[in-house]
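Here the structure comes first, spelled out in structure tokens, and everything after it is commentary.
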Amino acid sequence: MAAPPPPCPFPKLHPSQLVRDDGFFMSLAYNQAIDAWRAGEVPIGAVIAVDGEIVAAAHNVVESNRDPTAHAEMLALTQAAAARGDWRLDGATVFVTKEPCPMCSGALLMSRVRRVCYAVPDPKMGCLGGATDLNQLPRMNHRLELTAGGVLEPECRTLLQAFFRGRREGAEAGPEGSPCPAAPGT
């Protein structure tokens, strides 16, 4: 069993409501990732917007739910489908702090979202350009627009790296754990 993560040293972001651009929505996904860390989960967050309005927001709850499918993207897709009353999420944009895994990438394609914007590429497990690209399968009847990396990438990368560094150091220190490295600028 993995060592518990240290307390999250990162503050939430407070984006202006006046400019609802990719940075705004990714900031909200980042805040979901902070909530995940504080709940002892891998810090990944997702927000879904349609026409500039948030229809879903979630973070990983794999550990607390003991559910391997309880990824931020999967939960947000379920929320968005319920909010719209339809599994087809045409016109939706998903903002997620890390490139989606095979399961989440497949679900994003199947739900017909218009666009996915992710902050941190994942060359090991990412399936929208990292390890592979499900979006480029030749027989797919739907294609996602992608914004791969760039939007809050340094902040999201730092958050993920600090979380896993803290977990490794906690495991090495034994049951007491060790403090997480300080957040940038502290």
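At q = 0.11, 0.17 Å⁻¹, what base-10 log of I(q)/I(0) does the Debye formula yield for the range 1-107 when every alpha carbon is treated as an equal point scatterer in vacuo? Result of the Debye calculation: -0.33, -0.77. Overall, the ratio between the Cα radius of gyration of the range 64-161 and 2.2 N^0.38 Å, rounded to two decimals, is 1.04. Hey, how much of the P(r) for the range 110-174 falls beyond 16 Å, as a percent of Cα pairs? The calculated P(r) of the range 110-174 puts 59 percent of pairs beyond 16 Å. When the residues Glu53, Glu172, Glu73 are ordered by accessible surface, computed with a 1.4 Å probe over the protein chains alone, the sequence from largest down reads Glu172, Glu53, Glu73. Spatial offset of the range 81-97 relative to the range 110-155 amounts to 16 Å, using the alpha carbon center of each.
With the gyration tensor restricted to C-alpha atoms of the range 18-63, the semi-axes of the equivalent ellipsoid amount to 22, 10, 6 Å, longest first. The convex hull drawn around the Cα atoms of the chain, when projected onto a plane and averaged over every direction, covers 10.8 nm².
Probing with 1.4 Å while keeping every protein chain in the model, the per residue accessible area of the range 38-184 equals 48 Å².
The listed residues Lys124, Lys98, Lys12, once ranked by accessible area (1.4 Å probe) with the largest placed first, stand as Lys124, Lys12, Lys98.
For the chain, the longest principal axis of the alpha carbon atoms and the long axis of helix 72-84 meet at an angle near 40°.
Computed log10 I(q)/I(0) for the range 44-92 at 0.14, 0.19, 0.24, 0.32 Å⁻¹: -0.33, -0.57, -0.81, -1.14, from the Debye equation with unit scatterers placed on every C-alpha and solvent omitted.
The values are calculated or read from the model by the stated rules, or taken from the named source; none is laboratory data. Every value quoted in this text rests on a predicted model; they were computed, and no experiment measured them. Just the protein is used for accessible areas: all its heavy atoms, side chains included, with ligands, DNA and RNA removed. Shrake-Rupley method; radii C 1.70, N 1.55, O 1.52, S 1.80 Å.
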